[in-house]
Amino acid sequence: MSKLLYINACFTDDSRTKVLADAVLKKWDGEIEEVKLNDGSIRALTKDQLSKRMQLQETSDFSDEMFKYAKQFASADAIVIAAPYWDMSFPAALKDYIEQVNVCGITFDMNTEGVVTPKCNADRMVYITTAGGKNADLQYGMDYLKALAREFFGITKFNTFKAEGLDIEGADVDSILSETLKRIEKFSFITKTVVPGEENYIVESKDLTKMYGNHAANDKVSLHLREGSIYGLIGRNGAGKSTFMRLLLGMTPINEGEISVFGKTGNEMAKVRNRIGFIIENPTFYNYMSAYQNLKYRAELIGLKDPDSAIKEALQKVGLMNKMKDKVKSFSMGQKQLLGIANAIMGNPELLVLDEPTNGLDPIKIVEIRKMLLDMNANGTTILISSHILGEMGKLCSCYGFILDGKLIKEVTEEEIESEAIDVEEFFVEMAKGGQNG
Ligand code: ATP
């Protein structure tokens, strides 16, 4: 029978960390072996003690007690660690233990050149903690633990669930806890696989490459946008997100590779352009024309059957009905952005391509636009969207592509999101550490 090793270092049974841990453990269908570390042998440290410990890497009082469990580590199929505030000490203790080579031969082998071969059964570690967020020291601790888990235990799947520090503006502790519980709801220890051949991609690119001089703005990008999904394209400034969208829309020529949209490639792509609504970078309008006139221009261009009602519906959806007759030159930046969104959604296109659509919008509008997009998606619109507001992307997207220096380095599918409850922000931060300008 499969076994989960549960390292329980919660101080009390009703702590937030424990609530999260219980929710995760419910997902395990097998034996659970609990190691309790909350009997006083492991203490919470003050912030000062923690930072001193980080500087000195002083961990001896932790490691002896904790790592007599090395054999359990090696035989477990999954490891769940619930550790409240002293999460920096836990990885430090683990490192210390490994350096004393106490687990060598049990959880890993090391040859004379120091090359490590993990021997652990477990392929997944779930780390649950109260603290989290952007605190650099805590982040360091988490990174450390991940690296150790990967190197010394051969663990490739690492999930973290935090009761604090989520990217929710002004959120109180209770709502953070309930958001994290929702993520755990989606989490599964089993990774689902997609049956090959069953995918239905609206956009698919293969080794798509765009050069500007010697610089590859898109470098062999192979992206898969499945029908019905909301795909978040994530990357730092200059990574190549807008370039991909431009290539998709045929706004700029391809240098190498290919892209198909609704099954069409090359010149044929023009035939499906009117099935796509888009906003790329800052939308531009004729300043001396009204909002209505500007939209009418495009409505006619794409051949909408009933342009008048399509325009009014779009303006209604973004909340610009009262500005319908006003000239665009009188619009604020945010209002221009909303008009750009109205322009994109007009006629309810099958595919929406949105490059940072919430740029310059106030927080209330951001929420309204998110709800509108979710509603359109529920009614059949597939969406490709880029944004730097990762918290917002998390509430919207069903899958992601991470782009770094023109390369699409990872696509996270809906299956992975469901089964691994990936934290997009964490993934992005880790990816971005690989270096890039900006
Ligand atoms: P941001 O988040 O800042 O909008 P992005 O991911 O959308 O960035 P792109 O606009 O796709 O990035 O740019 C990718 C790279 O291609 C950048 O290095 C940019 O300077 C370069 N680039 C984009 N358009 C051109 C152009 N017309 N001529 C030359 N270089 C360009």
**Report entry** Residues of segment 311-343 satisfying the condition of being under 24 Å from Leu374 (Cα atoms), in contact with a helix residue (DSSP H, G or I) (Cβ under 8 Å, 6 or more places away or on another chain) and in contact (Cβ under 8 Å) with a residue 40 or more places away in the chain
**Finding:** Lys317, Val318, Gly319, Lys336, Leu339, Ile341, Ala342, Asn343
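Okay, residues lined up against (1) more than 31 Å from the chain's Cα centre (by Cα); (2) of a type outside the set (S, T, N, Q):
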site	(1), (2)
Lys305	yes, yes
Ser309	yes, no
Lys317	no, yes
Ser330	yes, no
Gln337	no, no
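Please specify each residue of segment 375-395 satisfying the condition of being in a helix (DSSP H, G or I), out of contact with any strand residue (DSSP E or B) (no Cβ under 8 Å at 6 or more places or on another chain) and either within 16 Å of the ligand (Cβ to nearest atom) or under 24 Å from Thr180 (Cβ atoms) (or both).
Step one: of segment 375-395, the residues in a helix (DSSP H, G or I) are 375-378, 390-395.
Filter again for out of contact with any strand residue (DSSP E or B) (no Cβ under 8 Å at 6 or more places or on another chain), leaving 375, 378, 391-392, 394-395.
Selection gives Gly391, Glu392, Gly394, Lys395.
Of everything in segment 350-373, what is farther than 9 Å from Phe278 by Cα and touching a residue at least 60 places away in the same chain (Cβ under 8 Å)? Give them in sequence order. Talk me through it step by step, then tell me what you get.
Just the residues of segment 350-373 that are farther than 9 Å from Phe278 by Cα, to begin with: 350, 356-373.
If the condition is that a residue be farther than 9 Å from Phe278 by Cα and touching a residue at least 60 places away in the same chain (Cβ under 8 Å), then Glu350, Glu356, Pro357, Asn359, Pro363, Leu373 are the ones that fit.
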Report task. State the number of residues belonging to segment 279-291 that are at pLDDT 90 or above and either surrounded by fewer than 17 Cβ atoms within 10 Å (Cβ to Cβ) or within 17 Å of Asn348 (Cβ to Cβ) (or both). Result -> 5
Report task. Give the residues of segment 223-278 that are closer than 23 Å to Gly347 by Cβ, part of a loop (DSSP other than H, G, I, E, B) and either of a type in the set (A, V, I, L, M, F, W, C) or within 16 Å of the ligand (Cβ to nearest atom) (or both), sorted by residue number. Result -> Leu249, Gly250, Met251, Phe262
Query raised in the report: Are any residues in segment 382-406 more than 13 Å from the chain's Cα centre (by Cα) and more than 18 Å from Gly277 (Cα to Cα), and if so, which ones?
Result: Leu404, Asp405, Gly406
Query raised in the report: In segment 281-310, which residues are within 16 Å of the ligand (Cβ to nearest atom) and in contact (Cβ under 8 Å) with a residue 40 or more places away in the chain?
Result: Glu281, Asn282, Pro283
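Do you know which residues across segment 335-374 are β-branched (Val, Ile, Thr), part of a helix (DSSP H, G or I) and within 18 Å of Ile302 (Cα to Cα)?
Taking segment 335-374 first, the residues β-branched (Val, Ile, Thr) are 341, 345, 353, 358, 364, 366-367, 369.
The next check asks that each one be part of a helix (DSSP H, G or I); those that pass are 341, 345, 364, 366-367, 369.
Ile341, Ile345 - these are the residues of segment 335-374 that are β-branched (Val, Ile, Thr), part of a helix (DSSP H, G or I) and within 18 Å of Ile302 (Cα to Cα).
The values are calculated or read from the model by the stated rules, or taken from the named source; none is laboratory data. Keep in mind it's a predicted model, so treat the numbers as computed, not measured. Here the Cβ is made from the backbone with ideal geometry for all residues, glycine too, and neighbour counts use every protein chain on show.
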